[in-house]
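Accompanying notes for the structure given below.
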Amino acid sequence: MGFFKKFRWRYVLMFMAVIGPGIITANADNDGTGIVGYTLVGAKYGLNMLFALVVVTVILAVTQELGARIGVATGKGLGGVIREKFGLKLTMIALIAMLISNMGIIIADMGAIAEAMGLFGLSKYIVVPVFAILLWLVLYKGAFSRVEKVFLLSSALYVVYIITCFYAKPNWMPAIKALVTPSIQLDKDYINTLMVLIGTTVTIWGQFVIQSFVVDKGITAERYPYQKAEVFLGAFITDFVSFFIIVAAAATLFANHIPITTATQAAQALRPLAGEQAYILFALGLLNAGLLGVSVVTLSTAYAASEIFGVESKLDRKWNEAPAFYWIITLIIGISALLVLVPGMPLFQILIWSNNVNAVILPIILIYVYKIANDKKIMGTFKNGRVANIITMACIVLLIVASVFSLYANFS
Amino acid sequence: MLFFSALLNSEVKDNSNQTIGNLRDVIVSIQDYPIVRAVVVWDSKKKLEHIVAMDQVELLGKGMVSLKKRENDLYNYTKQVSDILLKDSVLDRQIIDNEGMNMMRVNDIVLGNLHGELSAISIEIGLRGIFRRLGMEQFPLINRLSPQLVPWKGFTLLESGMPQLQTEQTQKHLNRLHPADLANLVEELNAKRGAALVSSLNNEKAAEVLEELDDDLKVALIEQLGLERAGDILEGMSPDQAADILDDLPDEKAQRIIAEMAPKEGQKILELIHYDDREAGGLMTTDYIKVHPERTVAHVREKLRVTVDDIPNVSYIYVVDHEKHPVGVLSMRTLAVANDDTIIEDIMTTNLFTVEAHAKIREVASFLTKYNLFSIAVVDNSNRLLGIVMVDDVMRQLFPEA
């Protein structure tokens, strides 16, 4: 008995040691675009897309696991591995795809900050410059690793969605049934909303972040099985929260036919819990998610680009020791802030569109990832097996089909 | 000046001007300036790879390669152990310059004639090389960028999947760099690749580099190094530092690493490991010089001479009886002016300061400052000498950022 007990504890300890990459990356996944995205999904189609959420969770778990495995096998970030395997030209295509997707998400998250503060009645012309400078300072001074913990802790705010959901007294049986009932509609609006769901959950930057995270943590081959479990758990937790956001939106916005075109309307999803003050909770959650999103995605972009070009990229370096790295951070924050400041910019729509753009570009990066995972020279014993290949390929094909459909639906 | 990027994918023609395929890679033999030995040609029609030795090559120039023979008459070059492929193992890989200050990527490679043979001369690391490979070199503004070249001899390839590149020369190079610079590189590389870099160093240098790193990375690196190598490197560190690192590892792993070490070193570390970082036992080192009171000054001098490598800093000689109880202390000054045949007991100071192994760091620090000591003896509860705490170990614990 004593032995058995000790044995189990050992596993628990090994698991604790690998906690971080999967759960934190997944948590950061619920950024500003995530909150708005899931709310939209629930508001427009009620419980209808819950089955799609299950499928997307599987795709998230599969792709994140691939990223983590490449990290353990190579000890390098995704940008570096792509450059070394594919040469400069193909790397540029990957870089541009990543930049478009990441810029979209950063602009959207900057917009989320403006929208959130707008709910408190503050003008974006004041809020955006102030937060842009603050974010820049935090990233430049290398204080992010400290601030990150605050963001992640405050993302526990999402618990309000779970509580709200119970307050809204939804019918649980239909919700659970919807999880296992495939349903699809072939109209433009549905496809676009589906793309939002995909794009907000499985992201290009998430692919880069999980890999760097595992590399930074120095996970060894023997610990990998625990890491894998942690990555799967992370994917599950993210979409566990998403489930409640969607159900809460379905029980409030969808049930009362409230369309969602502004942040205030999205805040209504929290009404059963917070009543007329719902927008305060929503605003705080959105602000936090926006700040987290801008910082994580900006850093990840700067790291990936630096690694591709082989320039220094450490947060604790001085400006003149890593100029390219800091220029990238500065430009990204500057450009996204300026774009959000353009008068009449449809901030709320951008939050939704950025998810669409990411979903369309996503398969490109996943094809690189797939090729890498099948390269024996790079992966060694971590090479994709046949079953993993079939599952990965199925995920990629699904994503491509959805992308093609959405392009067709929107441009024909 | 011929750029490797201009050569890649060039059409390769035989002596009857028939295109036989495209240039896929170039084989060079590793030396200060590697000589081009052969070109790899891919015939996409026949799905056939030719490895054409340089003596069958008529001309090798920008965008065109011509051979001296017909395709059917070509014989394949036999690859030597010291040969590497430029595209496969060098292009796009990470290198460090030999001052060890910078890490960068190979954007292009410059080939040229050296002593009558085509050789790889330098590496392009700048932006212009990137644009050249993207076919944008002649664009306005871009054509004003000057190429940034480092001589082939002046850099070290970090890893390439080809073990022969980790030549003796490379290792000599890395071992010459300052530990702080190497530590910076290791930080940049992260645990797995950092471990690969550290394991190409000698044990002594590896230990110095390890001591420079932050705690988290140190532990991650040790885990990646493997038990045996980790044991060897930790042996080279001072026992208290080694104990600190092992303390952060899972118990089972630490035990297995200690088992890999020489029994004497392992024992010292084991004694240190069960004390807290912030008490005397955790701060102390077991590297100090102790003698019995009946010994002579000459004996002590001899002892100082033979331990010069193992125990770098000595402020006091500790005098212990045969039950290991401390009975006195000898300053270096007393020792310096004494005669060779003097008995230690006659010149040692008997009022000796000791602290208990579980004494808190504050207590140790106040003792050291109050009596102006460089180090203080640590004893167990039956007053046996365990080790000494030096003032700089206390400082490091109290002000880790300094």
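First compute the accessible area of region B:331-402 with a 1.4 Å probe, then give the percent of it belonging to carbon and sulfur atoms. Mind showing how you got there, number by number?
On the way: 2330 of 4440 Å².
The computed percentage sits at 53.
Centroid-to-centroid, using Cα positions, region A:172-188 and region A:89-127 are 31 Å apart.
Measure off, as a whole percent, the carbon and sulfur share of the 1.4 Å-probe accessible area of region A:34-411, all protein chains present.
Working: 10600 of 14670 Å².
C and S atoms contribute 72 percent here.
Within chain B, the longest segment free of exposed loop sites, counting chymotrypsin sites (Phe, Trp or Tyr not before Pro) that fall outside DSSP classes H, G, I, E and B and have at most 12 other Cβ atoms within 10 Å, spans B:76-370. In this structure region B:290-398 gives 57 Å² per residue of accessible area when probed at 1.4 Å with all protein chains present. With Cα atoms as the point set, region B:290-398 shows a radius of gyration and Dmax of 14.1, 42 Å.
Taking each of A:89/A:318; A:376/B:47; A:76/B:153 in turn, the alpha-carbon distance tops 24 angstrom for A:89/A:318; A:76/B:153. In chain B, a dipole from Cβ-located charges (positive for Lys and Arg, negative for Asp and Glu) runs towards its positive end, and of B:2, B:199, B:342 it is B:2 whose Cα lies farthest in that direction. Find the sum over both chains of the accessible area lost when B and A are paired, probe 1.4 Å, and report it in Å² to the nearest 100. Between B and A, the summed buried area is about 2400 Å². For region B:182-213, a reduction of at least 30 Å² in accessible area between the chain on its own and the assembled protein chains (probe 1.4 Å) is found at B:187, B:188, B:190, B:192, B:193. Share of carbon and sulfur in the accessible area of region B:1-151 stands at 50%, probe radius 1.4 Å. Checking the a/c ratio against 1.5 first, then a/b against b/c, what shape does the Cα gyration tensor give for chain A? Because its axes are fairly even, with a/c under 1.5, chain A counts as rounded. Ignoring lysines fewer than eight residues from residue A:124 along the same chain, the ones with Cα atoms less than 26 angstrom from its Cα are A:141. Within region A:75-95, the residues that become at least 50 Å² less accessible when every protein chain is included than when their own chain is isolated (1.4 Å probe; DNA, RNA and ligands ignored) are A:76, A:83, A:84, A:88.
A dipole drawn for chain A from +1 and -1 charges on Cβ atoms has a positive end, and of A:180, A:251, A:269 the residue lying farthest that way is A:180.
How much length is gained if the chain between residue A:229 and residue A:324 is pulled fully straight, taking 0.36 nm per residue apart and subtracting their Cα-Cα distance, in nm to one decimal?
Values: separation 95, 0.36 × 95 = 34.20 nm, distance 3.63 nm.
Separation in residues times 0.36 nm, less the Cα-Cα distance, equals 30.6 nm.
Which of the residue pairs B:268/B:290; B:253/B:324; B:192/B:218 have a Cα-Cα distance greater than 20 Å in the structure shown? Over 20 Å Cα-Cα: B:253/B:324. With 50 Å² as the minimum drop in accessible area between chain alone and full protein complex (1.4 Å probe), the qualifying residues in region B:123-152 are B:130, B:133, B:134.
Averaged per residue, what accessible surface does chain A expose to a 1.4 Å probe, in Å²?
Details: 16790 Å² over 412 residues.
Heavy-atom SASA per residue in chain A reads 41 Å².
Heavy atoms of the protein chains alone define the surface here; on that basis region B:2-155 has 48 Å² accessible area per residue at 1.4 Å probe size.
Dipole check for region B:290-398: with +1 at the C-beta of Lys and Arg, -1 at the C-beta of Asp and Glu, and the Cα centre as origin, the magnitude is about 360 Debye.
Distance between the modelled labels on residue B:383 and residue B:270, one decimal in nanometres: 2.8 nm (7 Å Cα→Cβ projection). Can you give the longest run of chain B that contains no GluC sites (Glu not before Pro) sitting in a DSSP loop with at most 14 other Cβ atoms inside 10 Å? Looking at chain B, B:100-293 is the longest stretch - no exposed GluC sites (Glu not before Pro) with at most 14 other Cβ atoms within 10 Å.
Think of it as helices only: each DSSP H run of n ≥ 4 in chain B is worth -39500 (n - 2.57), and spread over all residues that comes to -10000 deg cm²/dmol at 222 nm. Under the convention that each Lys and Arg Cβ holds +1 and each Asp and Glu Cβ holds -1, the size of the dipole of chain A around its Cα centre is about 1140 debye. Using the charge dipole of region B:178-274 (Lys, Arg: +1 at Cβ; Asp, Glu: -1 at Cβ; taken about the Cα centre), state which of B:249, B:180, B:261 has its Cα farthest towards the positive end. Checked the options; the winner is B:261. Charge dipole of the protein assembly as shown (Cα centre as origin; +1 on each Lys and Arg Cβ, -1 on each Asp and Glu Cβ, all else neutral): 3080 debye, rounded to the nearest 20.
The values are calculated or read from the model by the stated rules, or taken from the named source; none is laboratory data. Note that the structure is a prediction, hence the values are computed from the model and not measured. Here Cβ is always computed from backbone atoms with ideal geometry, including for glycine, and neighbour counts include all displayed protein chains. Side chains included, ligands, DNA and RNA excluded: accessible areas come from the protein's heavy atoms. Shrake-Rupley method; radii C 1.70, N 1.55, O 1.52, S 1.80 Å.
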